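J.: Please read through the structure below; I'll follow up with questions.
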Amino acid sequence: MKNWLFLAVFPLLALGCGAAEEAVVATDLVEHAEAVGSQGVLQDANAVEAPAVTTEAPRQVAPPEEVTSAEEVAPREVHNPVVLATAGPVSAEILERVKNWGELQLAIPVPVVESLDVKGESFDEVAEAAAKRLAPEDLGVVVLLHSEKPLPNHGVYRPDLRVVVVNVNLMEEGADAETFGRRMERQVIRGIGTLMGLELSPNPQSAMAMYSSMDELDQIGRNLDPPWLLRLQNRAIELGIPVDPDNPYNMIRE
């Protein structure tokens with residue numbers, strides 16, 4: 001089981017928890033070249049000497065590659081999108097809120113499926129119950145767990161099962177309604193991104209940024225930074241998942 005402890009440790013690792021929790025072994029950092037703008041060198045046209053006259057025929061320059069739209073890209077595979085499920089007494093209001101937030105911010109479908117009938121005594125119990133519902137073509141499920149007993153971490157990611165579990169109990173601990181809702185929005189975006197193959201973002205304003213405490217969670221963004229959003233939407237197209245053409249956050253346009 002992969003505990004969501006420090007996201008810098010395992011790029012697709014979980015939602016994070018306090019620094020005093022279970023230690024994990026650090027892995028190599030992932031370079032994010034897309035997040036750094038290239039520094040092009042512009043040459044002053046007036047400072048360039050005119051070339052000598054020559055009788056040699058000019059070389060033909062190949063036209064630049066055309067930018068294709070989402071409709072022109074054939075999916076490499078066909079999968080069902082990541083879905084949301086609840087386990088335990090999670091309110092309909094918070095479920096609707098995070099579903100709407102995910103669909104708005106990511107421009108992809110975020111379906112809701114039937115709740116899990118489990119006690120939620122451990123993350124493994126919930127993850128294994130959720131995995132039994134998944135078909136081979138399903139990308140995975142983000143489970144919002146309100147457990148009957150306290151669980152120590154913010155959540156867990158089980159790549160072998162294609163399941164992310166969010167610990168709702170800790171998200172609402174000491175929070176007013178709006179703070180709780182915002183924490184859940186972050187965690188759902190992180191869960192979907194993780195299941196779709198996103199790693200950590202170096203942008204602290206991204207929902208995929210590293211955090212190691214609840215205070216840090218409350219400071220990071222609730223959506224994806226543009227390079228990571230584009231990655232997710234390109235991945236969606238590869239998997240045959242529709243990207244809403246009318247969504248203002250659609251990064252792939254004609």
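J.: Can you pull out the trypsin sites (Lys or Arg not before Pro) in segment 217-254 that DSSP calls coil and that have at most 12 other Cβ atoms within 10 Å?
T.: On the way: sites: Arg222, Arg231, Arg235, Arg253; in loops: Arg222, Arg253.
Listed in order of number, the matching sites are Arg253.
J.: In what sequence, highest mean first, do 209-220, 161-172, 105-116 appear when ranked by Cβ atoms within 10 angstrom?
T.: Highest to lowest by the protection proxy: 161-172, 105-116, 209-220.
J.: Here is a further query. Explain nothing, just compute: Karplus ³J(HN,Hα) = 6.51 cos²θ - 1.76 cosθ + 1.60, θ = phi - 60°, for every residue of segment 183-198 in order, whole Hz, x for Gly and Pro.
T.: Result, ordered by residue: 4, 5, 4, 4, 5, 5, 4, 4, x, 5, x, 4, 5, 9, x, 6 Hz.
J.: Please list 3J(HN,Hα) in residue order for segment 106-122, calculated via the Karplus relation 6.51 cos²θ - 1.76 cosθ + 1.60 where θ = phi - 60°; whole Hz, with x for glycine and proline.
T.: Calculated HN-Hα couplings, in order: 9, 6, 10, x, 10, x, 10, 10, 4, 5, 8, 9, 9, 6, x, 6, 8 Hz.
J.: While we're here: Near the amide H of Val83, under 5 Å away, which other amide H atoms are found, from residues 5 or more places off or on another chain, if H is placed in the peptide plane?
T.: It is Gly140, Val141, Val142, by chain and number.
J.: May I ask you to list the residues of segment 210-241 whose amide nitrogen lies under 17 Å from a point 7 Å from Cα along the Cα→beta-carbon direction of Asp176?
T.: Output list for this probe position: 218-219.
J.: May I pose another question? By per-residue mean of other Cβ atoms within 10 Å, what is the highest-first order of 128-135, 141-148?
T.: Descending packing order for the listed peptides: 141-148, 128-135.
J.: Residue-wise, which Karplus ³J(HN,Hα) couplings in Hz belong to segment 239-247, taking 6.51 cos²θ - 1.76 cosθ + 1.60, θ = phi - 60°, and x for glycine or proline?
T.: 8, x, 8, x, 9, 4, x, 9, 6
Every number in this text was worked out from the coordinates using simple rules, so none of it is lab data. Nothing here was measured: the structure is a model prediction, and the numbers come from that model. Virtual Cβ from ideal backbone geometry, glycine too; neighbours counted across all protein chains shown.
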